[in-house]
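Have a look at the structure below, then the notes.
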Amino acid sequence: MDDRHYAAFKNFVSVENLTPDEVQALIDRAEYFKRGGAVPKLTSPVYVANLFFENSTRTHNSFGMAERRLGLTELPVDTAHSSMSKGETLYDTLLMLNAIGVKLAVMRHSENAYYEPLIHTKPSQHLNMGIVNAGDGSGQHPSQCLLDMMTVHEHFGHFKGLKVAIVGDINYSRVAKSNMEMFNKLGAEVYFSGPEYWYDHKFDKYGKYMPIDDLVDKVDVLNLLRVQHERHAGDPNEAGFSEESYFKKYGINHDRYDRMKENAVIIHPGPINHNVELAGDLVEASKSLYVTQVVNGVYMRMAMLESVLRGRHLGGLE
């Protein structure tokens, strides 16, 4: 693969400013790794810290596997028992890790845009570390977005003209925000569905809101979203939430699944609430790419991490 096609970034915190060419370069690189393509050889060790301040199974372990496959060395950090519990700031924690040789930090944090003061430092600050965002509050989830794009590209071979429905807990979902922007940028037609009380008309610029039963037989991709109860503090709709009612009104049951186009697919960021967003016995059905997304997540995160290694000339990569 020619060096001109490699993506290179100082940090990887958002998909907002990625160009279609950069996205395609990342997809191409991830697909190359998935086909068994050679992993670049590091000529010096690169130490990475994974700091997850929110619970995570898929993203945390997927980044861990991607780091190992790239030959990075992880310095384990127990965020629950770090000095941040004593009042140390996130910046000072990273400054300490940087001082002992850590050059990359992969982080998930409940605060939206937590990374801004870390990548736009003050003149008096000297942090020299690549930041990779593994999810910030209800803001961005760049790695999930890009592995979704890889999965859709792998299945269809293109994005232009694809009809994509993003369904569910849209207002609270960082996946929804990242994906609606990216699908639009890559030429797909976006639609929204799910409870109207979890939809904000500020998203109208990305697509059209429609009832789920008007969409299931028309779209190519059903992008289901997890109902995120943990983000609904103060939402009056939460008190009356019924899983059975949600599944009946908006979930993909067998009837809706059977109405999908023959080549249409379901994607879901996980974890799946069985019989809420999707019938439990359809999680591994032929039109569900849920497991494929998990597989692709490792390869896309390898491509993302490699792009920061190249952007910072770490491990001898240019």
How compact and how long is the stretch 84-222, expressed as Rg and Dmax of its alpha-carbon atoms in Å?
18.7, 57
Residues of the chain: accessible area per residue at 1.4 Å, in Å²?
44
To the nearest 10 Å², what's Lys249's accessible area with a 1.4 Å probe?
110
Taking Rh as the Kirkwood radius computed over alpha-carbon pairs of the chain and applying Stokes-Einstein at 20 °C with viscosity 1.002 mPa s, one gets a diffusion coefficient in µm² s⁻¹ of 105
Tell me, what HN-Hα J-couplings in whole Hz come from the Karplus equation 6.51 cos²θ - 1.76 cosθ + 1.60 at θ = phi - 60° for each residue of the stretch 119-135, using x for Gly and Pro?
9, 10, 7, 7, x, 7, 9, 9, 5, 10, 8, x, 9, 10, 7, 9, x
Please tell me which of these pairs span more than 30 angstrom C-alpha to C-alpha: Lys41/Lys185; Lys34/Lys103; Lys41/Lys177; Lys163/Lys248; Lys218/Lys248; Lys208/Lys261?
Lys41/Lys185; Lys41/Lys177
Restricting things to Cα coordinates, could you compute the convex hull volume per residue of the stretch 70-119 in Å³?
104
Given a 1.4 Å probe and the protein chains all in place, what does the accessible area of Glu74 round to, in Å² to the nearest 10?
60
Using modelled amide H (1.01 Å from N, peptide plane; none on Pro or chain starts), what sits under 5 Å from the amide H of Asn223, excluding residues fewer than 5 places away?
Ala165, Ile166, Val167, Ile267
Distant alpha-carbon pairs in the stretch 146-208 (separation over 18 angstrom), percent
29
Reduced to Cα centres, the span from the stretch 122-153 to the stretch 174-204 in Å works out to 19
With T = 37 °C, eta = 0.692 mPa s and Kirkwood Rh from C-alpha pairs, the Stokes-Einstein D of the stretch 248-298 in µm²/s is about 290
What is the pair-distance distribution P(r) of the stretch 181-286, computed from all Cα-Cα distances in 5 Å bins starting at 0, with each bin given as a whole percent?
2, 11, 21, 24, 21, 14, 6, 1, 0
In whole percent, the fraction of accessible protein surface over the chain that belongs to carbon or sulfur atoms, probe radius 1.4 Å, stands at 49
Would you calculate, for the chain, the mean residue ellipticity at 222 nm contributed by helices, counting each DSSP H stretch of 4 or more residues as -39,500 (n - 2.57) and dividing by all residues, to the nearest 500?
-10500 deg cm²/dmol
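The values are calculated or read from the model by the stated rules, or taken from the named source; none is laboratory data. As the structure is a computational prediction, the values presented were derived from the model and not from experiment. Keep in mind that these areas ignore ligands, DNA and RNA; they rest on the heavy atoms of the full protein, side chains included. Shrake-Rupley method; radii C 1.70, N 1.55, O 1.52, S 1.80 Å.
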